[in-house]
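*Asks:* My questions will all concern the structure given below.
The values are calculated or read from the model by the stated rules, or taken from the named source; none is laboratory data. Since the structure is predicted, the reported quantities are computational estimates derived from the model, not experimental observations. Positions of Cβ are backbone-derived with ideal geometry, glycine not excepted, and every protein chain shown enters the neighbour counts. For the accessible areas, the whole protein counts, side chains as well, though only heavy atoms, and no ligand, DNA or RNA atoms are used. Shrake-Rupley method; radii C 1.70, N 1.55, O 1.52, S 1.80 Å.
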Amino acid sequence: MGLFGGRKTVFVDADILVIGGGMAGCGATYEARHWGRDLKIVCVEKANIERSGAVAQGLYAINCYMGMQWGENQPEDHVRYARNDLMGLVREDLGYDIARHVDGSVHQFEEWGLPMMKDPKTGRYLREGKWQIMIHGESYKPIVAEAARKAATEVYNRIMVTHLLMDNKANRVSGAVGFNVRTGDFHVFRAKAVIISAGGASHIFKPRSVGEGMGRTWYAPWSSGSAYALPIQVGAKMMQMENRIVLARFKDGYGPVGAYFLHLKTYTQNGYGEEYESKWKEHTRALVGDYIDHHPTPTCLRNHAFLQEVAAGRGPIRMVTKEAFQDPHKETVGWENFLGMTIGQAVVWASQNIDPKEINPELTTSEPYVMGSHATCSGAWASGPEDCAPAGYQWGYNRMMTVDGLFGAGDTIGGTAHKFSSGSFTEGRIAAKAAVKYVMEKGRDQPQVSEEEYRDLEKLIYQPLENYRVGRNEIVAGTVSPSYLLPIHGLQRLEKIMDEYVGGIGVNYMTNDQLLSRGLELLAMLKEDMASMGAEDLHQLQRTWELNHRILTSESVTHHTLFRKETRWPGYYYRGDHMKLDDKDWHCFTLSRYDRHSGKWAMEKAPVHHIID
Ligand SMILES: Cc1cc2nc3c(=O)[nH]c(=O)nc-3n(C[C@H](O)[C@H](O)[C@H](O)COP(=O)(O)OP(=O)(O)OC[C@H]3O[C@@H](n4cnc5c(N)ncnc54)[C@H](O)[C@@H]3O)c2cc1C
């Protein structure tokens, strides 16, 4: 493709446009067809839905399954569990809505061919923990993608969506634009409703692995915050973006620890072979009150004890595997757990002479990520289900954001921690059902697409190719250009700002108002410099737009962190100037709205309604 010459503009009309074909996007595409038999359902994905998103390489467990058919758990129990883990702050209406439907999704996965592990005595799904069931999940994603492919009118793979289109007169979304990362073609999607399901954000904070190890992160490196940046750009309200996640994982390979704790019953010790969590109990109580006595201990508080013990000079923290691995069955499960999900951890152990039967492997805490579906719940502020959302949480259709016609699911939607893969798929289904209703009820009332808007965006999107084409003539040696910045430079600058000012690993997750304010100034300068980004090819153009999305996500995280004047989740981050949890003033959600014209952020509080006792 010539830089501007051979590029086509491809127009696609859809009733419902699903952006991101991961777990939530596949659920949305599948369900939209069920309710909208004659509608045009289009799914657009920047990779290939066959193997895209956080579940691309498979999973070993489905982490959200009630087991209502056997009376194992009820949806209310899951709401209580998530609320406890998030130190009180979840959208109970949304969480309840997922929990009451999630079992049906899991049963469908089995019908579609996902091999489930069963308890030979009871015939029930084999439990790894209270909420988790074990699967042979290498092909989890292709199985789910097949259902979406068959349901969709069309799936467009390899298209990175960069912006939403708006019918500004009506504060209504009217579609999206993006480019094909292989051919460079410009795509204009005109749609009556849009569902965003584009995953969370890695690489906004500096990762532990840099240099030769760069890209080795816990969270999928291709998750670039589009799920947040796309709605933020058009003024959708976001919630709890300060609630970044930090994970205790096996060192250097980020191998998961869930199956080890829950199934193999391994436990942790400090560098001197001592139990340490109980030692920090009183210290933690002084910060968060009786949340430390809750069962199970909230994830952030377990991180907190880990971090304190290491800071006190008694690291490294190790997982005691030597005992469990004497049992050949448990040893097999321990290795298979990685082979089914994080093969890299097995390779790291092999390369570092770690046989967990002989040596207790080290754990570490990860750099922070932004997610809406794991043990944190950052994301968009969404309308709740008609039958159980309190009045203040309802302004239209279920899972619709504060922009008309714009829906979301999975990592995109805030307030619903612990939905995981099955809950994200289920939330996609819920959002799609509501989006179909929206389209049907709007009838002939269609949003207007402005040609001027998408042509302006086209110029903006491809400008980095032009910057590179012109600017590279000034290079006399190497790759450093006086007039453009490469995406990798911008990414490393972003990670450094977020790490040092917003509470990353380099500062032991500590920040304060002074640091956050300076961080915002530096982010503004980085944003300014994005106009000088140079992209050598389409791959680098994609990197540029991913970086743009990461920067907007980071700005949002920083504003939210500054707004919440307390340390609600010690172990995820600390506000040095407000070290204690403050339920009196901050038992509330934080909301933000970005004005793309002025570049300003408006912050507000929203009440937390508890609908489950
Ligand atoms: C390391 C790890 C381990 C996990 N382990 C488990 C587990 O054991 N069990 C469990 O149940 N859950 C697990 N989860 C959680 C589960 O993977 C997520 O909850 C789920 O994938 C979220 O679904 P999603 O659709 O929101 O995001 P994803 O599944 O990540 O999908 C997002 C999709 O959007 C696409 N996309 C992104 N940006 C754009 C763009 N601009 N344009 C077009 N497409 C775009 C991506 O390519 C991707 O396909 C784990 C997650 C991680 C990261």
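*Asks:* Within segment 34-52, is there a residue that is in a loop (DSSP other than H, G, I, E, B) and among the aliphatic types (A, V, I, L, M)?
*Replies:* Yes, segment 34-52 contains a residue that is in a loop (DSSP other than H, G, I, E, B) and among the aliphatic types (A, V, I, L, M).
*Asks:* Let me ask you something else. Got a sec? Which of 59, 89 is aliphatic (A, V, I, L, M) and away from the ligand (no atom under 11 Å from the Cβ)?
*Replies:* Answer to the check: 89.
*Asks:* Something else: With respect to residue 258, is the statement that it is touching a helix residue (DSSP H, G or I) at 6+ places or on another chain (Cβ under 9 Å) and either more than 14 Å from the ligand (Cβ to nearest atom) or open to solvent by 10 Å² or more (accessible area, probe 1.4 Å) (or both) true?
*Replies:* yes
*Asks:* What is the number of the single condition among (1) of a type in the set (Phe, Trp, Tyr); (2) in contact with a Gly (Cβ under 6 Å, 6 or more places away or on another chain); (3) more than 16 Å from the ligand (Cβ to nearest atom) that residue 397 does not meet?
*Replies:* Answer for residue 397: the failing condition is (2).
*Asks:* Just for segment 62-86: of the residues that are among the aliphatic types (A, V, I, L, M), open to solvent by less than 30 Å² (accessible area, probe 1.4 Å) and farther than 14 Å from residue 341 by Cβ, which one is farthest from the ligand (Cβ to nearest atom)?
*Replies:* For segment 62-86, the residue satisfying everything is 79.
*Asks:* Let me ask something else about it. Applying the selection to segment 307-327, what residues are part of a helix (DSSP H, G or I), over 16 Å from residue 258 (Cα atoms) and open to solvent by 10 Å² or more (accessible area, probe 1.4 Å)?
*Replies:* Result: 307, 308, 310, 311, 326.
*Asks:* Which numbered condition in (1) open to solvent by 30 Å² or more (accessible area, probe 1.4 Å); (2) more than 24 Å from residue 161 (Cβ to Cβ); (3) not hydroxyl-bearing (Ser, Thr, Tyr) is the only one that residue 58 fails?
*Replies:* Every condition holds for residue 58 apart from (1).
*Asks:* Let me ask something else. Only one residue in 465, 457 is crowded, with 16+ Cβ neighbours inside 10 Å and within 16 Å of the ligand (Cβ to nearest atom). Which one?
*Replies:* 457 is the lone residue from the list that is crowded, with 16+ Cβ neighbours inside 10 Å and within 16 Å of the ligand (Cβ to nearest atom).
*Asks:* Answer with yes or no whether residue 501 is hydroxyl-bearing (Ser, Thr, Tyr), in contact with a strand residue (DSSP E or B) (Cβ under 7 Å, 6 or more places away or on another chain) and at positive phi.
*Replies:* No: the conditions fail for residue 501.
*Asks:* Applying the selection to segment 443-469, what residues are free of Cβ contacts under 8 Å to residues at least 60 places away in the same chain and of a type in the set (Lys, Arg)?
*Replies:* Passing the criteria: 444, 455, 459.
*Asks:* Name the pairs: first residue in segment 541-561 and in contact (Cβ under 8 Å) with a residue 60 or more places away in the chain and open to solvent by 10 Å² or more (accessible area, probe 1.4 Å), second residue within 11 Å of the ligand (Cβ to nearest atom) and of a type in the set (Phe, Trp, Tyr), Cβ to Cβ under 9 Å, at least 6 apart or on different chains?
*Replies:* Going by the 9 Å Cβ cut-off, the qualifying pairs are 542/179; 545/179; 552/228.
*Asks:* Can you pull out the residues in segment 400-416 that are farther than 27 Å from residue 60 by Cβ, open to solvent by 10 Å² or more (accessible area, probe 1.4 Å) and either within 10 Å of the ligand (Cβ to nearest atom) or in a loop (DSSP other than H, G, I, E, B) (or both)?
*Replies:* The one that is farther than 27 Å from residue 60 by Cβ, open to solvent by 10 Å² or more (accessible area, probe 1.4 Å) and either within 10 Å of the ligand (Cβ to nearest atom) or in a loop (DSSP other than H, G, I, E, B) (or both): 402.
*Asks:* Then there's this: Please work out if residue 107 is under 23 Å from the mean Cα position of the chain (by Cα), closer than 24 Å to residue 139 by Cβ, away from the ligand (no atom under 13 Å from the Cβ) and of a type outside the set (Val, Ile, Thr).
*Replies:* No.
*Asks:* Looking at 305, 324, 312, which one is over 24 Å from residue 588 (Cβ atoms), at pLDDT 95 or above, touching a Lys or Arg at 6+ places or on another chain (Cβ under 7 Å) and more than 16 Å from the ligand (Cβ to nearest atom)?
*Replies:* 324
*Asks:* Among the residues of segment 210-233 satisfying the criterion of being within 14 Å of the ligand (Cβ to nearest atom) and over 13 Å from the mean Cα position of the chain (by Cα), which is surrounded by the fewest Cβ atoms within 10 Å (Cβ to Cβ)?
*Replies:* Ranking the candidates gives 215 first.
*Asks:* Only one of (1) within 16 Å of the ligand (Cβ to nearest atom); (2) in a helix (DSSP H, G or I); (3) under 19 Å from residue 243 (Cα atoms) is not met by residue 98, so which one is it?
*Replies:* Exception for residue 98: condition (3).
*Asks:* Which ones in segment 40-56 are touching a Ser or Thr at 6+ places or on another chain (Cβ under 8 Å) and more than 6 Å from the ligand (Cβ to nearest atom)?
*Replies:* Result: 40, 41, 42, 43.
*Asks:* Shifting gears a bit: Here is a list: 419, 433. Which entry is within 16 Å of the ligand (Cβ to nearest atom), of a type outside the set (A, V, I, L, M), buried (at least 18 other Cβ atoms within 10 Å of the Cβ) and touching a residue at least 24 places away in the same chain (Cβ under 8 Å)?
*Replies:* 419
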